[in-house]
Amino acid sequence: MGIHKKLFTVTLLLVISFFSYSFTSLNSEENYSFQNISDLDPETANWLERVDSAGGSVPDSIIEAVDDYIKEIKGLKYQTVSIRNKIIRENWFCGDFNSAFVPFFRNADESSAIIGAYKDINNNYIPQDYYQTGELSGLKGNGSDRYIGTGLTPSAVNEFQKNDVHFMIYSMSDSSDAGRMGARGQFGNGLYFYPKYLNGNSYFNINGTVESSATLPSPDGYIMFQRTSSSSLNSYYNNFLINTVQNNSIDKPDAPLLIGAFNNNGTVSGYMKMRLGGYSIGASLSASQQVIHYNAVKRLMGRLGRTDQVSVTADFKSKLFTFTGKNLIANFKTYEGGFLQFELQDQDGNPIPDFTIDDCPQITGDEFTKEISWQQGSNVAELINTPVYLRIRMQNADLYSIQFKKQMGITDSSVAGFKAGTYKQFFADTLLFSNNIPALRKMHSPVKEPQPVLSPEMPWEGNLLITTYSNVAYSKSVFTGEMVYKMWLRASATIGKLPVYYESVDGINWTRPVLESYKFEGSMENNIITDNPTYPGGLYTVVEDSAMSVNDSTRRYKSVYNTHTTRANSKLNVSFSADGLVWIPYSGNPVRHIGEDLSSSGWNPVLGKYLGYFRDSLGIRNIGRYVSDDWINWTYTGTILKPDVYDPKTTGYYNFEVLFKDSVYWGFLGHFQMNQFGDESPPNPSRTDNTVFIELLFSRDGINFVRCGNRQPFINYGEEGSWDDQMVYTVGVPVVRDDEFYIYYNGFNFKHMSPAPPPIGGGPNKSSIGLAKIGIDRFVSLTAF
């Protein structure tokens, strides 16, 4: 059963925080217990006190989810920037039915002040239509008389600024519902929106008398409208800014805002049928603040089970394009009851005979290279260089890529449409499919192996194995003659930092070949490559270049490395090797000024050059792009990545590994997050301060990159107490093994600061090499559930 215990005031609760206090879960299979009430944020405790006053109960799992959400909003968990002062009133309908009407926040300053009603006023919602978690949780409208009263009248609230306001809901329905919510006052001023009309247009009015519109592909999920100035308004759908319009504000309405219905100067109308997961009202959010809010809401909704909506069929089409291949190939996965179908349309939008949806049997399964067939077969060669649209109908499915394979002609650049040729097409950007479709663009994270595949065990390795950003090679071993994976790392022991080498037959079990290159404590029996002084710190980046070293086998392996005595004296050096073990530095080193954290995708066949992504300088954590004809003379083409308005101000970028495959570029970015003050070594670091995670990026030219997954971690640091719970960095680019990418990463149990707090689980500061796996080309999908 749920909690129903009298909670004392927040002050008293914190004073007696050393006493054991436990909440009992509604779910007997869960075992959450808050042994110390001080583990909760004070605003969580205040919310629970008000829940208790309302006669409500909340299971432990939801208490934990709410507490994490509140801490994330305040920059205390998952990220470091507080946006708490941007929220005036917010409720995500958590706990049992009585609890659902108790808002999380009722003011913008964490005080005891109440803006609006003490709790939301329930008008005709019933317990029978309410569940705490899952797709049927939240509050379900009936289209006739149900709504929530917030008690918040904008004109009466000084904190509610006329030209600085957001109004947001989380919808759990996919319908053509034309209801509306908000209010219009006696002078015609309105603050309201209609989430979706039959034609997909959502109309909104923010502190004005003029309605604007934005086209929503579906009313599912996160929907926000906000006024950012006296003349500018923004519309957000999920994590996309879908419209910016200009109209003038007039004034704030003098009528209370309603959720689920429209208060038209005292007359309630426009009742909605939608199931709502919650709402937020407050000040407008900057681009980076909106990212924070969206991510926090989505994380909470996920923990409440409000992300998997009732399955609907998504039906949409691409932008106009041409192709030159014989067959359409798809990489996809369907789930229970799921399917895909494809149709080709002419440039006027008419279905092409024999290639219609009705001619395409429903496709199911889990395949990487499925040849799509219609009733007449799979040959589409008659349509090469013909401008077409690709219509897709899908349900309960992920579509990762498409490709028109088996080239049947040369691309005709004179005809209309994007030239897809025979290249594989991915969906991380909007070149082929816009954001305005009823399918989500979803980033998929790889699955980590629970334990490291390579840890420091030998005396010369100390406690630290550190990535050099070298690509993991696959070629014959000079020791055994068999094909092996090869990894170059840096070890850090009492004698200093040393370059070390490892091999593996299967990519999981790694060995330390005896190189006999360096005498450690009187023995040559080790895998240390060299103690050559040209490698200070051993931070060198290796690529295997067998394709371009046919005429000079002594340069099959290439490396770049940095030397510096000061930031201003940071230099780029290069070296070469026939076997990746014995290295010869270039006699003309150093070759140019450079930063640290060097990475290269090696030879790029499209550019006809070597391509490198190097940090611009030691003092600035930005990523520059460099090209070279010979690996020696590098030309800087410009900074291609630096923190922008969507990033917290105290963000820095470390290494940037880039995988060039199928003529596109997948980037793996080391995202360094300091606290909100930018302290390199904060005195009392929070969970997220001075941590590093890996982001996924996408580009078609290697210069302009799209940040995937709304900048959420692609590979995140682990849970507290795990071996990689503070920092993760890439070890080269992903490696293909069967139908999977193996992604190696370097995990640390201590923060990026000096001195770092001791590891949470005790023991020494330590770093090891981990492995994460994901299906080939399954980084981003078009998803319909």
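A crude spin-label estimate for the pair M548 and N569, with each label 7 Å from Cα along the Cβ direction, gives 3.1 nm. Under the simplified labelling scheme, the S686-N248 pair shows an inter-label distance of 4.1 nm, with each label point 7 Å from Cα along Cα→Cβ. DSSP beta bridges fully contained in the chain are about 95 percent antiparallel. Over the chain, dividing the summed -39,500 (n - 2.57) contributions of all DSSP H runs of at least 4 residues by the number of residues returns a 222 nm mean residue ellipticity of -2000 deg cm²/dmol. Relative to the current alpha-carbon distance between D109 and N85, full extension at 0.36 nm per residue lengthens the span by 8.1 nm.
Loop-located chymotrypsin sites (Phe, Trp or Tyr not before Pro) in the range 717-746 (DSSP state not H, G, I, E or B) with no more than 10 neighbouring Cβ atoms inside 10 Å do not occur. Taking the range 448-780 as the region of interest, what is the percent of Cα-Cα pairs per 20 angstrom bin, listed from the shortest bin to the one with the maximum distance? It works out to 32, 62, 6, in whole percents.
Can you give the FRET efficiency for Y131 and N436, using 1/(1 + (r/R0)^6), R0 = 45 Å, r = Cβ-Cβ distance, to the nearest 0.05? FRET efficiency, Y131 to N436: 0.90.
Just tell me which lysines come within less than 23 Å, Cα to Cα, of K448; anything on the same chain fewer than 8 places away is out. K448 reaches K77, K298, K333, K486, K661, K751, K766, K773. At a Förster radius of 56 Å, what calculated FRET efficiency corresponds to the Cβ-Cβ distance of Y636 and Q375, to the nearest 0.05? Approximately 0.50, to the nearest 0.05.
Spin-label model, N201/T511: points 7 Å from Cα along the beta carbon direction are separated by 7.1 nm.
Expressed as an acute angle from 0 to 90° and rounded to the nearest 10, what is the orientation of the C-alpha long axis of helix 60-73 relative to the principal long axis of the chain? Helix 60-73 and the main axis of the chain meet at about 80 degrees.
Measuring r between the beta carbons of K519 and R592 and using R0 = 35 Å, the FRET efficiency lands at 0.55. The angle separating the long axis of helix 287-303 from the principal Cα axis of greatest extent in the chain is about 80 degrees. A dipole drawn for the chain from +1 and -1 charges on Cβ atoms has a positive end, and of F677, I329, G496 the residue lying farthest that way is F677. Can you bin the chain into rounded, prolate or oblate? Criterion: square roots of the alpha carbon gyration tensor eigenvalues sorted a ≥ b ≥ c, rounded for a/c under 1.5, prolate for a/b above b/c, oblate for the rest. Here the chain falls in the oblate category. Report, to the nearest 10°, how far helix 42-53 tilts away from the longest principal axis of the Cα atoms in the chain, using its own Cα long axis and a range of 0 to 90°. Value to nearest ten degrees: 30. Between D679 and N604, the contour length at 0.36 nm per residue exceeds the alpha carbon distance by 23.2 nm.
No lab work stands behind these numbers, since they all come straight from the coordinates. Quick caveat, the model's predicted, so the values are computed rather than measured. Every residue, glycine as well, gets a Cβ built from its backbone with ideal geometry; the counts of neighbours run over all protein chains shown.
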